[in-house]
Amino acid sequence: MEPRRADVPILYNGVNAAVQLAPCLSSFQYVDVASGSSDSVSLEINDRERRWIGPWFPVKGDVLQPTIRTFNWTGEGQVLQFPCGIFRVDDFSFKGGPVKMSLGAVALPADTSFKTTERTETYENTTLEEIGKTIAGRAGIALFYEADAITIELVEQNNQTDCAFFSSLVDTYGLALKIYSNKLVVFSEAAYEARGVKAVLTEADFDPGWTWNTTLTGTYTGVKYEYTNSDKNKTFTVTAGSGDRILTVNEPPADNLTEATAIALAAVNNANKGTTTMSITMMARPGLIASDCVEIRGLKRLDGKYYIVQITHSLGSKYTMALDLRRVEARITGATSISSTVAEGG
C-alpha cells in the first residue's frame, strides 16, 4: 500500500500558489472553532531564496483559501479534500538567518467595519434572523441561519460593533455564531449535540498526554429569571429546573414572557456547558469538524458523548488533530413556571 501523506494547496489572492509555497512551506496549522471566535490559519515558510521578504512580500488583507488534501489515508488510491475556508492575512513576521516567515490569517469579512465600527441602532418587531441578515449585509457577506425562529420585540445596539452586538445577541438566545467561507453562520448547538456521533475514539487512538477534567463550579440544576420592564410596568418571572443550585438571572431585558423564557433557558444551559472537558491529540481523522460529536469509549467513567469545541489541524512532518471536547450534558428544556405581574408601585 502507498504511504499516507497530506499536503495543503493554497489559493493566494485567487491564484494557485502551489509552485511558490510547496517547496518552502515548513508547517501549516488550521484552527477550526465551533463558535465564539474566528477560525484561523498560520504558516511557517522557509524563505531561502528571499522572495517572501522581497517581491512576494505579503500585504495585510491578502486572501488565503487553503485546502487540506490527504492521499491513501484510509484506503489505497483514496484522495480526500477538506476546504478550510477563506482567510485574510492579519499578521506576519520574519526572523533569520536563514530567513523564515510566520504568516497568520483569520476568517473575517473583507469589510473591517464588522469588528471596528461602533454603531447605535434600534431593532423593533423583528427576528434574530432578520437582524443577522442586516448585519451580514453590512459586512458584505451572506447569512446562513440554521435554528428556530426567534421573535424580538425591541433590542438596542448601543455604541457596539456589529460583531460584538450580534455575538452577544446570539448567545443571549442560546445559539452559536461563527464566520465560515464568507458566511455568517448561526446554528443551534443543542440540535448539533443531538446528532449522531461522527466517530468512536478509544485510548489507542490518542497520542500520549491526553487530559480530562470535570468541575462542579458553575453548574446549575435550575434557573430563576426576573426582570421588571419599566416601559410596560410589568415584572416577568420564569423558573426552570429544580434542586438547590439555582442560577439567578435579571438580565438581559425582556419585553414579553416568550423572550424571558428563551433568555432564562439559554442562561442556565450556557452556564452548564463545558463542566466536563477533554483534550486529545491524534492522527488526523479526515471529515471531523468542530461542532461534530464523537463518542469516547473504553475509559470507563470518562466514556460518553462529547461535542467538539475546537480542532487544531497541524501539518508538518505528519498530520495530526488536537481536539478540545466537552461532554454533552442533559439540557434544561422547559420552564416550570412563568408569570407576568404588574410591577410593584405601578
Note: the range 194-326, point scatterers on Cα, Debye, no solvent; log10 I/I(0) at q = 0.14, 0.15, 0.17, 0.21 Å⁻¹ equals -0.74, -0.79, -0.90, -1.13
Computed FRET value (nearest 0.05) for VAL63 with LYS115, which takes r as the C-beta separation and R₀ as 25 Å: 0.90
Go through the range 293-304 residue by residue and turn each phi into a ³J(HN,Hα) via Karplus (6.51, -1.76, 1.60, θ = phi - 60°); whole Hz please, and just put x for glycine and proline. 10, 10, 10, 8, 9, x, 10, 6, 5, 8, 4, x
What share of Cα pairs, in percent, lie more than 14 angstrom apart in the range 25-91? 70
Checked the range 15-128 with the C-alpha gyration tensor, a ≥ b ≥ c its square-rooted eigenvalues, rounded below a/c of 1.5, otherwise prolate if a/b is larger than b/c and oblate if not; verdict oblate
In sequence order, what are the phi-derived ³J(HN,Hα) couplings for the range 21-30 according to the Karplus relation 6.51 cos²θ - 1.76 cosθ + 1.60 with θ = phi - 60°, rounded to whole Hz, with x for glycine and proline? 8, 3, x, 10, 6, 7, 7, 9, 9, 10
Checking the range 200-230 for chymotrypsin sites (Phe, Trp or Tyr not before Pro) in a loop per DSSP with at most 11 other beta-carbon atoms within 10 Å yields none
Checking ALA34, ALA290, ALA335 against a Gaussian network model of the chain (alpha-carbon springs below 10 Å), the top fluctuating residue turns out to be ALA335
Of PRO286, VAL223, THR248, farthest towards positive along the dipole that unit charges on Lys, Arg, Asp, Glu beta carbons give the range 214-339: PRO286
Using a probe of 1.4 angstrom, how much of the accessible area of the chain is carbon and sulfur, in percent? 49
Using the heavy atoms of the protein chains and a 1.4 angstrom probe, tell me the accessible area per residue for the chain in square angstrom. 50
Can you bin every Cα-Cα distance in the range 141-247 into 5 Å intervals starting at zero and give me the percent of pairs per bin, rounded to whole numbers? 2, 7, 11, 14, 17, 16, 15, 10, 4, 2, 1, 1, 0
Place the peptides 315-326, 166-177, 114-125 in order of packing, highest mean first, counting for every residue the other Cβ atoms within 10 Å and averaging per peptide. 166-177, 315-326, 114-125
Which lysines have a Cα less than 23 Å from the Cα of LYS300, not counting those fewer than 8 places away in the same chain? LYS198, LYS273
Taking every Cα atom in the chain, find the radius of gyration and the maximum pairwise distance Dmax, and write them in Å. 23.3, 80
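The values are calculated or read from the model by the stated rules, or taken from the named source; none is laboratory data. The structure presented is a predicted model; accordingly, all values stated were derived computationally and were not measured. Here the Cβ is made from the backbone with ideal geometry for all residues, glycine too, and neighbour counts use every protein chain on show. The area values use the complete protein model at the heavy-atom level, side chains included, leaving out ligands, DNA and RNA. Shrake-Rupley method; radii C 1.70, N 1.55, O 1.52, S 1.80 Å.
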